[in-house]
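The values are calculated or read from the model by the stated rules, or taken from the named source; none is laboratory data. Model, not experiment: these values are computed from the prediction. Please note: Cβ atoms are built from the backbone with ideal geometry, for glycine as well, and neighbour counts cover all protein chains shown.
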Amino acid sequence: MNSKKLPETVRVDLETAPVVITTCWSTQCRLSKSSVPKNTGLRNYLETFDWYDLASYTCSADCVHAAESFAAAFNVLRAFAMDPNAPLRTFTQRAAAWRALATKPPIPEEVNVQRLMAEDAIKENKPDEALSYFENGIELYPTWPEGNFNAALIAGDLGYYADAIEHMQAYLELVPNAADAQAAHEKILIWQFKSKQ
């Protein structure tokens, strides 16, 4: 970014907009905490964020893009937090309804495509892609035990322990009496331990 340009600002709406302001100056992009309420963990957390080009120590287009991506992620989180019908908020009820079905429905065709793509990605040794496909399928059909189980194992192998725990807990909520339930519980304990290291 040319240092003579005015700073570019990205606004992030968490509860009341703007809560966080990302300002890109000639030397760096930094998150402003001025509009975040005092005495909050978020206010202190934001102090750790800045972006700059390592080669030139300036704020480049890549830095602006990184700041915008960060802002977009906050907006997605806010939208999820504000949505009373978000899948994770209703998952317990949906899982109970699914468990109560005498005959479980087959996974929808679009979810089956995600499964096939995930399995293909595994064969090609692309675990991040496989995880993405499994998670896309879960988003389309949250009560998919095999998808949650496989996503948990891949996320755990990749070191994404919070995701691994979440998916394995979903698996156990869907099939609490599964033959591998004890092993699944033990995986959760391992990931919880590793996530604290």
Select from the range 142-177 the residues that are over 17 Å from the mean Cα position of the chain (by Cα) and under 20 Å from Ile122 (Cβ atoms) and list them in ascending order. Trp144, Pro145, Glu146, Tyr171
Considering the range 164-197 alone, what residues qualify as being without any contact (Cβ under 8 Å) to a residue 24 or more places away in the chain and either under 16 Å from Glu135 (Cα atoms) or polar (S, T, N, Q) (or both)? Glu166, Met168, Gln169, Asn177, Gln182, Gln197
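Can you find a residue that is assigned to a loop (DSSP other than H, G, I, E, B) and modelled with pLDDT of 95 or more anywhere in the range 184-196?
Among the residues of the range 184-196, not one is assigned to a loop (DSSP other than H, G, I, E, B) and modelled with pLDDT of 95 or more, which makes the answer no.
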Can we say Asp180 is surrounded by fewer than 20 Cβ atoms within 10 Å (Cβ to Cβ) and under 21 Å from Ile122 (Cα atoms)? no
Within the range 103-123, count every residue that is assigned to a helix (DSSP H, G or I), over 20 Å from Ala155 (Cβ atoms) and among the charged types (D, E, K, R). 2
Please determine whether any residue of the range 82-99 is of a type in the set (Ser, Thr, Tyr), within 29 Å of Ile190 (Cα to Cα) and at pLDDT 95 or above. no
